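A short write-up of the structure that comes next.
The values are calculated or read from the model by the stated rules, or taken from the named source; none is laboratory data. Since the model is a prediction, treat every value here as computed from it, not as a measurement. Neighbour counts run over all protein chains shown; Cβ positions are idealised from the backbone, glycine included.
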Amino acid sequence: MIETQSLTRLYDQKAVVNNLSFSVGAGEIFGFLGPNGAGKSTTMKMLLGLVQPTSGTGKVAGHDIIHDVLEVRKACGVLPDPYGFYENQTAWQNLEFYCKLYGIRGKELEEKVDKTLDKVGLHDAKHKKVHKFSKGMKQRLGVAQVIVHDPPVMMFDEPTAGIDPQGAEDFRNLMLEMKAKGKTIFLTSHVMPEVEAICDRIGIIVNGEMKICGNVDQLVDQFSRRQGYQLRLRVKEIDEPVVRNSISGITGISSVARNNGFYVINASEDVSEDVSRAVCRTGGLVTELDVYRPTLNEIFLEVTRPVQVKE
Ligand SMILES: Nc1ncnc2c1ncn2[C@@H]1O[C@H](COP(=O)(O)OP(=O)(O)OP(=O)(O)O)[C@@H](O)[C@H]1O
């Protein structure tokens, strides 16, 4: 539903999006992450035909992002940053205007607007003018604007910025509901636990280049291969010299330390099965053995570490 091949955009001879190839399918939530200035918004603008790629191609809902811009926009709902509401009009009027742009009228329009405002928790504020809205309420209205015309592709630029915890939880549930309806969801966010909770796949872009892309398990695996694995082992029945001796010959182990009753083992691969067998062979009882799983936040920090905020 979204696919790009070697998408590139230069500004002042410099690539701010560089050779980007990825795809997002129907019923998939894709988290597009990166530090400030990495090229996320520029990519989103290119997908919507708002910025012309310098080279490369892309399709959204089957339509070419360069030659079929109108069709692309019809197929998309977008929460931009910043959003563009008519502040002097009510939430209801803003959505009404938006529906009309998409050719929705009459009873269908009324039903869609009411239902959508209920869904985002703005039922009681539907006749309030937008300039009286709080930041979080505007954000909710922005989400309503994305979904009101029921497009197949939904794009959100930092959807939960400024939203309270209940609003963020509502947003996550809404995304899962949209996914179940087969929507293609593309979102940027700096809220790692949220991305980890709802995204099927994640891409991290740095200086315009996709550094790592996959589901969370694949990202963890790639990270661990790069950084090494850390195991935590607790053993009964045998003493430390015996434990150390039993695992000393295992290929891949680079260090073994003691910490709070645990053995902390650093290794270049997942050696948990070898460790477990070696300890058992010497009469020891493994009471705990786990491989440390980095959080998405740690992976993000590692992947983006050398990058400074760009001007
Ligand atoms: N119209 C423009 N002219 C020149 N440079 C631009 C223009 N738009 C964006 N850039 C530059 O392109 C780079 C990428 O910007 P972009 O807005 O895509 O980043 P981002 O990943 O969305 O950042 P953030 O997380 O801060 O929103 C930045 O260095 C920015 O200064």
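Summary of values
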read-out: Selected residue (criterion: surrounded by the fewest Cβ atoms within 10 Å (Cβ to Cβ)) from residues of segment 256-279 that are out of contact with any strand residue (DSSP E or B) (no Cβ under 7 Å at 6 or more places or on another chain), part of a helix (DSSP H, G or I) and not small (G, A, S); value: E273
read-out: Filter result for the condition that a residue is more than 29 Å from C199 (Cβ to Cβ), in the same structural domain as Y11 (by TED's automatic domain parsing) and of a type in the set (D, E), over D81, D114, D68, D64; value: D114
read-out: Qualifying residues in segment 28-49 (those that are near the ligand (Cβ under 6 Å from one of its atoms) and of a type in the set (S, T, Y)) - the one modelled with the highest pLDDT; value: T42
read-out: Failed item, numbered, when E110 is tested on (1) within 16 Å of the ligand (Cβ to nearest atom); (2) closer than 26 Å to E177 by Cα; value: (1)
read-out: Qualifying residue in segment 201-210 (condition: surrounded by 18 or more Cβ atoms within 10 Å (Cβ to Cβ), more than 24 Å from Q5 (Cα to Cα) and out of contact with any Asp or Glu (no Cβ under 6 Å at 6 or more places or on another chain)); value: no
read-out: Per-region count, segment 88-137, residues part of a loop (DSSP other than H, G, I, E, B) and within 30 Å of G39 (Cβ to Cβ); value: 2
read-out: The listed residue being of a type outside the set (A, V, I, L, M), surrounded by fewer than 22 Cβ atoms within 10 Å (Cβ to Cβ) and free of Cβ contacts under 8 Å to residues at least 40 places away in the same chain, out of D157, D239; value: D239
read-out: Test: residue in segment 190-199 that is closer than 17 Å to T43 by Cα and either touching a strand residue (DSSP E or B) at 6+ places or on another chain (Cβ under 6 Å) or among the polar types (S, T, N, Q) (or both); value: no
read-out: Subset of segment 268-281 [at pLDDT 95 or above and either of a type in the set (S, T, N, Q) or closer than 16 Å to V220 by Cβ (or both)]; value: S272, S276
read-out: Qualifying residue in segment 59-76 (condition: crowded, with 17+ Cβ neighbours inside 10 Å and more than 17 Å from V153 (Cα to Cα)); value: no
read-out: Candidate set from segment 133-157 (those that are farther than 20 Å from G27 by Cα and not polar (S, T, N, Q)); member that is farthest from the chain's Cα centre (by Cα); value: F133
read-out: Number of the condition not met by G84 [criteria: (1) assigned to a strand (DSSP E or B); (2) at pLDDT below 95; (3) not hydrophobic (A, V, I, L, M, F, W, C)]; value: (1)
read-out: Condition met for L7 (surrounded by 15 or more Cβ atoms within 10 Å (Cβ to Cβ) and over 24 Å from G182 (Cβ atoms)); value: yes
read-out: Residues within segment 7-27 that are near the ligand (Cβ under 9 Å from one of its atoms) and either among the aromatic types (F, W, Y) or part of a strand (DSSP E or B) (or both), tallied; value: 5
